[in-house]
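Visitor: One structure coming up, written as structure tokens, with questions to follow.
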Amino acid sequence: MNVADAEARPSQGWLRSWPWAGGAIVGAGAALATIPYAPNWWFRLILPRLRPHVTLWFVAAGALILGGLIAWAWKAGPVNRRSALGALTALMLVYVLILLVMYWGEPPAKKWHIIQYGLLAGVTFNAVRVDLRRWQGLVLGCAFLLLIGTVDEVSQKFIPMRTFRWLDLFGNYLGSLLGFCGWLAASPHSPWRKD
């Protein structure tokens with residue numbers, strides 16, 4: 001069975017797509033499993049290649065993600081396109097403002113929280129059924145992101161070379177919110193889409 005067949009089957013309840021749910025679980029598992037190793041990877045492999053303009057690299061990564069969301073939203077057709085593109089433009093402006101205001105002077109790795117959890121939110125909400133009449137999928141998606149974001153940050157209190165920071169926890173939640181807003185604007189499964 002391919003992904004299209006799995007998504008095309010009528011589903012009851014909160015789950016819309018098993019493959020996307022698997023992607024969300026694998027993504028969350030990878031994020032949690034790499035917590036002890038991330039500092040070494042960051043300082044030895046990633047950061048030296050991003051210098052001297054680290055924030056610009058994060059803006060570029062956000063722009064690439066935005067480009068993908070715009071391409072996805074473009075397929076919505078002329079009825080939905082204008083509102084989707086407007087929402088995505090506003091979302092990118094908020095993202096850049098967060099990077100420049102809240103994360104100004106913060107270590108570059110701290111900016112990764114927003115992108116990581118934004119992507120995880122997009123995958124998560126593509127897996128669940130977000131419907132205004134049936135709230136279970138939305139609640140489950142939010143609870144999953146809240147749980148993973150909290151465990152990710154709180155567990156760092158117990159891992160050498162890692163520290164708990166409220167800003168990082170807030171970044172996890174904020175990234176999830178931005179990812180959900182991006183999903184709402186661009187996804188063909190968004191309840192905001194007009195037929």
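The values are calculated or read from the model by the stated rules, or taken from the named source; none is laboratory data. None of these values were measured; they are calculated from a predicted model. All Cβ positions, glycine included, derive from the backbone under ideal geometry; neighbour counts span all protein chains shown.
Visitor: Within the range 152-161, is there a residue that is of a type outside the set (A, V, I, L, M) and in contact with a Leu (Cβ under 7 Å, 6 or more places away or on another chain)? Steps first, answer last, please.
Guide: Of all residues in the range 152-161, those of a type outside the set (A, V, I, L, M) come to 152-153, 155-158, 160.
From what is left, the residues that are in contact with a Leu (Cβ under 7 Å, 6 or more places away or on another chain) are 152-153.
Yes, the range 152-161 contains a residue that is of a type outside the set (A, V, I, L, M) and in contact with a Leu (Cβ under 7 Å, 6 or more places away or on another chain).
Visitor: Which members of the range 23-39 meet the condition of being touching a residue at least 24 places away in the same chain (Cβ under 8 Å) and either farther than 30 Å from residue 138 by Cα or assigned to a helix (DSSP H, G or I) (or both)? Lay out the reasoning, then the answer.
Guide: Within the range 23-39, the subset touching a residue at least 24 places away in the same chain (Cβ under 8 Å) is 23-24, 27-28, 31-32, 35-36, 38-39.
Hits for the range 23-39 are 23, 24, 27, 28, 31, 32, 36, 38, 39.
Visitor: Another question, if that's okay. Being more than 30 Å from residue 79 (Cβ to Cβ), free of Cβ contacts under 8 Å to residues at least 24 places away in the same chain and not aliphatic (A, V, I, L, M) narrows it down to one of 166, 135, so name that one.
Guide: When all the criteria are applied, what remains is 166.
Visitor: Residues being among the small types (Gly, Ala, Ser) and touching a residue at least 60 places away in the same chain (Cβ under 8 Å): count how many of those fall in the range 84-118.
Guide: Step one: of the range 84-118, the residues among the small types (Gly, Ala, Ser) are 84, 86-87, 90, 105, 109, 118.
Applying the additional criterion that residues be touching a residue at least 60 places away in the same chain (Cβ under 8 Å) yields 84, 87, 109, 118.
Total satisfying the criteria: 4.
Visitor: Right, here's the next one. Tell me the residue from 76, 61 that is small (Gly, Ala, Ser) and in a helix (DSSP H, G or I), please.
Guide: Step by step, each of 76, 61 is checked, and only 61 is small (Gly, Ala, Ser) and in a helix (DSSP H, G or I).
Visitor: Sort out which residues of the range 125-184 are over 19 Å from the mean Cα position of the chain (by Cα), more than 13 Å from residue 113 (Cβ to Cβ) and of a type in the set (S, T, N, Q), and write them in order of number.
Guide: If the condition is that a residue be over 19 Å from the mean Cα position of the chain (by Cα), more than 13 Å from residue 113 (Cβ to Cβ) and of a type in the set (S, T, N, Q), then 136, 155, 163 are the ones that fit.
Visitor: In the range 60-95, which residue that is modelled with pLDDT of 85 or more and of a type in the set (Val, Ile, Thr) is nearest to the chain's Cα centre (by Cα)?
Guide: Ranking the qualifying residues of the range 60-95, first place goes to 65.
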